[in-house]
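The values are calculated or read from the model by the stated rules, or taken from the named source; none is laboratory data. Model, not experiment: these values are computed from the prediction. Note that we place each Cβ from the backbone using ideal geometry, even for glycine, and neighbour counts take in every protein chain shown. Accessible surface areas use protein heavy atoms only, side chains included; no ligands, DNA or RNA. Shrake-Rupley method; radii C 1.70, N 1.55, O 1.52, S 1.80 Å.
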Amino acid sequence: MKTAAFALIALALALSSVNSQDKPEPATIDLSYLGVPAEIALTEFAKSARLRLDLGDVPPEMETPVWLSVHKIELAHAAKLFSVATGLSVIADGKRLVVREYPEPGRHQFTRGYDVSVLAGRFVDYVRAYGHPDEERAKSSPGSKEEPFLATGAESLAHLVCLLLDMLWDTQPACSVVGERILLTTDHWTHIRVRELLALLVSDAGGDHPYTSSGRAHLAKLSAGEVKYEADDRPLGSVVAGLCKLASADFVVHHSVATMFADEHATMRGTDTCASLLESIVRHGGYEFTTSTALGVVCFRHVDTPEYGGCSVFETAPLLKRIDASYQRQKTTPGGPENLRAAGGVQVVVDAIEVALDAQEQPAIVASFGTRVIVIGVPSACDGAAAILKEMGWEAPKE
């Protein structure tokens, strides 16, 4: 393998185990690669992190150049970013770094049960006030003689959690619902994400997933302040990485455009924000990549690759009460909805957000659970949904 065509800029590892009340903080790592073949990058990562590289009986192809620069993240998080950068399944499992072409069923997975009785109870309260969401879906399929299936609160929540895991992190755990407990079988990293999602959904104020907040912060760094930047006939990935370095923004390049970032060359001279200079590179070069987020860092990906990046949860109970009252004040149309329940409940809000985001060309998935509206998308889509909700009369919770 010819490595001269690639540039290994730096690899710095800082593992810390600072004890705080007898509880060591997770080990963190700094990584920076520019165009390094995956085989070299993964080998060096495993060696520096003191993990044994496990490639299985048939090692996967690892020639994709890796473009990745992150600071102070946990090993499991770093491994997941390698999955984004290489298109391989990369898992930090105990003392091993397990790399496969595809995830291996049954490996590194265990079952954990989650008590969701509080959320299930809130779902029942919503149904009593505004009706069951499955009833509305049944109305859209007239002619069926079968009774509509009405999912319990725990079943509806399980569906939502699995949707979030799939859309955000391409993870499909085995899932069962027993009473008010959701049983999920998946790896340790994903179980942590499940706990984060459930904590967000049960929180009185809702809010952003941590990866949404982190991704927004790194994107903001690209837009903060003007810089002077010059690059002459350098690999596209090197030019982009230079701008991210000036902004101190962590980033990863999606494997779908990684080779293009190595093969294409670009020249850049200008003074502007790093975000504007990135837009200029795309515009003048005609490149089909976009600036997005993934796993809490900036992610450069192909324009046709779905981008979600994170999610936000909005509590709409007060808004729903006001909308319900407004329907009751408008009882002027015979046969029209006389209250929010008849109009479709929270789905009225979901539909309005979807229409507006689509008109703004903000790709997002909008879902609901009881009075909670969940927006799955990049930070700008989540922020756009918040702005749309405010136009409906929604008020952000006071901190």
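Counting only C-alpha contacts under 8 Å and six or more residues apart, can you give the relative contact order of the chain as a whole percent? Could you put the intermediate results ahead of the total?
On the way: 692 pairs, mean separation 57.4, N = 399.
Value for the chain: 14 percent.
Tell me which trypsin sites (Lys or Arg not before Pro) from region 328-399 have a DSSP coil assignment and no more than 13 other beta carbons within 10 Å of their own. Let's see the in-between values first.
On the way: sites: Arg329, Lys331, Arg341, Arg372, Lys390, Lys398; in loops: Arg329, Lys331, Lys398.
Hits after loop and neighbour filter: Arg329, Lys331, Lys398.
Taking a label point 7 Å from the Cα of Ser176 along the Cα→Cβ vector, which residues of region 91-130 have an amide N closer than 16 Å to it?
106, 110-115
Can you put Met268, Met167 in order of accessible area, largest first, using a 1.4 Å probe? Provide the component values of the computation, followed by the final result.
Details: Met268 15, Met167 60 Å².
From most accessible down to least: Met167, Met268.
Per residue of region 125-130, what does 6.51 cos²θ - 1.76 cosθ + 1.60 with θ = phi - 60° give for ³J(HN,Hα)? Whole Hz please, x for Gly and Pro, Karplus curve as stated.
Values, residue by residue: 4, 5, 4, 5, 8, 10 Hz.
Just to be sure I understand the model, the point goes 7 Å from the Cα along the line to the Cβ. What's the resulting Asp125 to Gln328 distance in nm?
So the two model labels end up 1.8 nm from each other.
Just to make sure I understand: if all protein chains stay in place, what is the order of His255, His159 by accessible area at 1.4 Å, largest first?
Numbers: His255 75, His159 130 Å².
Sorted by accessible area, descending: His159, His255.
Considering amide H positions built from the backbone, and no H for Pro or chain starts, which residues 5 or more places from Val66, or on another chain, come under 5 Å of its amide H?
Gly35, Val36, Ala38
Which percent of the accessible heavy-atom area of region 28-100 goes to carbon and sulfur, probe 1.4 angstrom?
Working: 1360 of 2930 Å².
Summing carbon and sulfur atoms, their accessible area is 46 percent of the total for region 28-100.
I'd like to check one number: the per residue accessible area of region 28-100, probe 1.4 Å, reported in Å² as a whole number.
On the way: 2930 Å² over 73 residues.
Here the residues of region 28-100 average 40 Å² of exposed surface.
In vacuum, with every alpha carbon of the chain counted as one equal point scatterer, what does the Debye formula give for log10 I(q)/I(0) at q = 0.08 Å⁻¹? Two decimals, please.
With one equal scatterer per Cα and no solvent, log10 I(q)/I(0) is -0.50.
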